[in-house]
Amino acid sequence: MKTHSPFAPLLLFAFLTLLLLPVLVLLIWSVARSWPWPSLLPAAYSAAEWKSLFSASSRLVPVLLQSVLLAGGVTLLSLAASVPAAKALGLLSFPGKSVVEMLVLAPVIVPPLSYAPGMHLLFLRLGIADSFAGVLLAHLVPCLPYGIRILTNVFRALGDRLEMQARVLGASPAQAFLHVTLPLIAPGMASAGGLLFIVSLSQYLLTFFLGGGRIVTLSMVLLPLVKDGERAAAAVWSTLFIAVSLLFCLLMERAAKRCASSRDTFFLS
Amino acid sequence: MANLELRNISKSFSSKRRNAPETVLSHVSLVVPDGKIFCLLGPSGIGKSTLLKIVCGLLVPEEGDVLFDGESVLRVPVERRGAVLVFQDASLFPHLTVEENIAFGLKMRGASRGEQRQVAAEMLSLVEMEECARKLPGEISGGQKQRVALARALAVRPRILLLDEPFSSLDARLRRSMRAFMRALQRKTGITTLLVTHDWEEALQDSDILGLLFDGKLLQTGAPEDVFSNPVSPRAADFFGVRNYFDVEVRDGTLSSPFGSAPADAPDGRYLGMLRPDQIALLPDAGGAGSVLSAEYGGERIFYDIVPSFSANGCGWSRFRVAASLEGRLREGEKVSMSARCDTIRLFPAESDRREPRETESSYARDTQSEVEV
């Protein structure tokens, strides 16, 4: 951008405003006691919901803990499973590859409601229904497509030339992966990880069906509040939701940078 | 340091576009004596790179054997073979510094930090890149990248060095200096080297032994002078840009050609005669047998396309390419007479195939699919 057109900063400002305005509205709702239409600002304020959140009897700690552990676990497990799958899809060609690629995307197209009851039945038979492990497993279904898709493109862009080069220089397949491939896909994994966390955190139906009410995440608390019109409480928990997601994304970025030895992201010479 | 031998190597790939698998290498056998440079010359395509990948173990041949010092290495995995491949684009690890790149192989072997540092320093001075030790690959030029790639390969003291068109991505001047650098380095270290290229002038200059690879088959191997002066077939001669063919008849130990007669040690019959551009002399001659079609200025020489009034029966060659000095420059349309020493005419069987070397499909399309089978 050599010439500073007046549009560029204007566009940026508009964009940021569009992003941040809803969050601002959310924050105002969290301290609003009464905000009838058409007032631009609440008629009455109250910090009651926030106080209640941080009070001793609040569900904050167990809900937060379960949400973060669940979503975090799903993220790590999805990434671990996505890497070898993505490597195969991104670098190899084999018969039936396009079918596999389509099947990988299936969970995105098929709504969770259609497979949640069936899954619950299966989990009952396996004895993992209404358990943390069961919900974790269930969350992999909507998350894996994203993980695999993103990392497939990462591998496709990376190619296998560098890993081949590492091998001829004396690296075993494990060494080549650890020292060459992993640092180079780390930024891609961070992006995927951030998305996976949010997808898992947002799951309601699966947690509801397969958790049987024993697994209570942020979404599980949030939806009833919204349904019942508890605007302020919903706003408080939504803010928490956003804060947790943002924090996790930042942590993933930090971890990826360290893994890639804090060099520039995604360099292809 | 090792003697490299390839015996009867064959390899084919299944192509998605065709139903039949495509044969890329067909019964290729060659020997690279210890400490020598073998240059494999061939048109752009995948055969040459495939051969290198087979030697270092990234690909497995369908048939044949690879031997280092007389011992088969086919069962030895890539990382233990000791044959290092340097790719055309250097393939430096972008997340490591120059120094770390060079020390990589040693690190994989478990060498101590001290040893890594020491060898890296040695290699850096060998390739004259000491000031760039801490730089990242993104911060150095193409020529520098190639030097680092060479240093990285030599740091692990490989038994065989494999170079895949290592300098073809560099500009002409840099390419010349890098080639001289590589030759000097190879002489100094004495590493057995197999180099692959599509540039015949480079192949003639850089090799101890030259091999011609066409259509998956090794047409001819030998010392560069031998291969150049005595190509085994018109297709082999084609590698060096030779396309001057004409009818020759041999009777009773004498050949007769449009250029005259000479004693010939060949059985009676019809032959295809060949002369190189530098073997034909031109003189302006109003009654001459040829006329100048075009002139190509080449700096030190001029290449003329001459249309002869005679033509080899049925071969369709209507032009002769002649190299001449800058003196007495000829003009387009000028009539010339062509003369040559008839004892330098190379004879080939009359039915020899003189088609243009077939350009195989772009190697880029193949490179995007992994060919590694490890």
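Please treat every number below as a calculation from the coordinates, not as lab data. None of the values given here were measured: they were computed from a predicted structure. Reconstructed Cβ throughout: ideal geometry from the backbone, glycine too, with neighbour counts over all protein chains shown.
General observations
- Cα-derived Rg over Rh, computed across the protein assembly as shown with Rh taken as Kirkwood radius: 1.15
- Here is the tail figure for region B:40-96: Cα pairs spaced more than 16 Å apart come to 51 percent of all pairs.
- Virtual spin-label span in nm between B:L283 and B:D65, 7 Å along Cα→Cβ: 6.0
- Pairwise Cα distances in region B:244-349 exceed 23 Å for 27 percent of all pairs.
- When the trypsin sites (Lys or Arg not before Pro) in region A:40-138 are filtered for DSSP coil states and for at most 15 other beta-carbon atoms within 10 Å of their beta-carbon, the remaining sites are A:R59.
- Shown for A:T239, B:T344: other C-beta atoms within 10 Å of each C-beta, ranked fewest to most, produce the order B:T344, A:T239.
- Label-reachable residues, region A:65-98, where backbone N falls under 17 Å from a point 7 Å from A:L122's Cα toward its Cβ: A:78
- C-alpha long axis of helix A:182-202 to longest principal axis of chain A, angle in °: 30
- Sorted fewest first by neighbouring Cβ atoms within 10 angstrom, B:Y297, B:Y245 come out as B:Y297, B:Y245.
- Contour minus Cα-Cα distance for A:L64 and A:S52 (0.36 nm per residue): 2.8 nm
- Residues A:I109 and A:L27, FRET efficiency given R0 of 30 Å [Cβ-Cβ distance, rounded to 0.05]: 0.25
- Against the compact-protein benchmark of 2.2 N^0.38 Å, the Cα-based radius of gyration of region B:1-151 scales to 1.21.
- Filtered GluC sites (Glu not before Pro), region B:117-212: DSSP coil and at most 14 other beta carbons within 10 Å: B:E128
- Between the helical axis of B:98-108 and the longest alpha-carbon principal axis of chain B there is an angle of about 70 degrees.
- Gyration tensor (alpha-carbon) shape descriptor, region A:31-167, a/c threshold 1.5: prolate
- Förster radius 51 Å - calculated FRET efficiency between B:R75 and B:S325 (Cβ-Cβ, nearest 0.05): 0.35
- Expressed as a fraction of 2.2 N^0.38 Å, the value expected for a compact globular protein of N residues, the C-alpha radius of gyration of region B:178-288 is 1.39.
- Helix B:172-189 and the long axis of chain B differ in direction by around 60°, with both axes built from C-alpha atoms.
- Computed from the C-alpha gyration tensor, the three semi-axes of the ellipsoid equivalent to region B:84-175 are 21, 15, 11 Å, from longest to shortest.
- Loop-located chymotrypsin sites (Phe, Trp or Tyr not before Pro) in region A:38-93, at most 14 other Cβ atoms within 10 Å (DSSP): A:F54
- Square roots of 5 times each gyration tensor eigenvalue, C-alpha, region A:58-259, largest first, Å: 34, 21, 14
- Listed residues A:S93, A:S202, A:S46, most fluctuating in chain A (Gaussian network, C-alpha, under 10 Å): A:S93
- Estimated distance in nm for a label pair at A:S172 and A:Y204, the labels positioned 7 Å out from Cα along Cα-to-Cβ: 5.0
- Considering only A:V221, A:C249, A:L89, the residue lying farthest towards the positive end of the dipole of region A:58-259 is A:L89, judged by Cα position with unit charges set on Cβ.
- Hull shadow area, averaged, chain B [alpha-carbon convex hull, nm²]: 22.2
- The calculated FRET efficiency for A:L18 paired with A:L247, based on their beta-carbon distance and R0 = 30 Å, is about 0.85.
- For B:F93, A:F208, B:F167, the sequence from fewest to most other C-beta atoms within 10 Å is A:F208, B:F93, B:F167.
- Modelled this way, with points 7 Å down the Cα-to-C-beta line, the labels at B:E249 and A:R161 are 5.7 nm from one another.
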